Amino acid sequence: MADTLTIDVDATALLRMLDQLGRSAAAQHLKAAAKVTAERIATEAAARVARRTGKTAAGITVEETRTGNGYVVFVRRPEMPGLPAWLEFGTKYMTARPFLFASARLEEGPHERRVAQALQEAIDEVQG
């Protein structure tokens, strides 16, 4: 028969603090972190994109999501809407020259750190 280890933890204080934290305090801090990440992705993507005219780099846009809880980064090229995807993924006539998703991947680690910091700031605010 295997030995068992039992640990009793009083999580009352933690649960009370999480209730006080609520969604709005954490969401406010997380949204700010998301904006920093979105802007950094846009800046990196603009630096990476292949240039002939500079219009694709200029079309890299950061906008608030429709729900208002975050940000989205996309490329707006109304006169040639397919070009950003052709550059990113390639076509049967040209090789891919990724710029947007590569930039997003570079921000994964820093974004995770910003999220952790944002949550810690929200917790510190609640604890006073």
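Each value in this text was obtained by applying a stated rule to the coordinates, not by laboratory testing. What you are looking at is a predicted structure, and each value in this text was computed from that prediction instead of being measured. All Cβ positions, glycine included, derive from the backbone under ideal geometry; neighbour counts span all protein chains shown.
The figures follow:
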read-out: Matching residues in the range 31-70 - criterion: being within 13 Å of the chain's Cα centre (by Cα), under 24 Å from residue 123 (Cβ atoms) and surrounded by fewer than 19 Cβ atoms within 10 Å (Cβ to Cβ); value: 31, 32, 35, 36, 69, 70
read-out: The range 43-75, residues that are assigned to a strand (DSSP E or B) and closer than 14 Å to residue 97 by Cβ; value: 75
read-out: Single match in 43, 37 (criterion: in contact with a His (Cβ under 8 Å, 6 or more places away or on another chain), among the β-branched types (Val, Ile, Thr) and at negative phi); value: 37
read-out: Residues being part of a helix (DSSP H, G or I), in contact (Cβ under 8 Å) with a residue 40 or more places away in the chain and not acidic (Asp, Glu) - total across the range 82-125; value: 14
read-out: Cβ-Cβ under 6 Å pairs, at least 6 apart or on other chains, the range 26-38 side closer than 9 Å to residue 118 by Cβ and in contact (Cβ under 8 Å) with a residue 60 or more places away in the chain, far side part of a helix (DSSP H, G or I) and β-branched (Val, Ile, Thr); value: 33/115
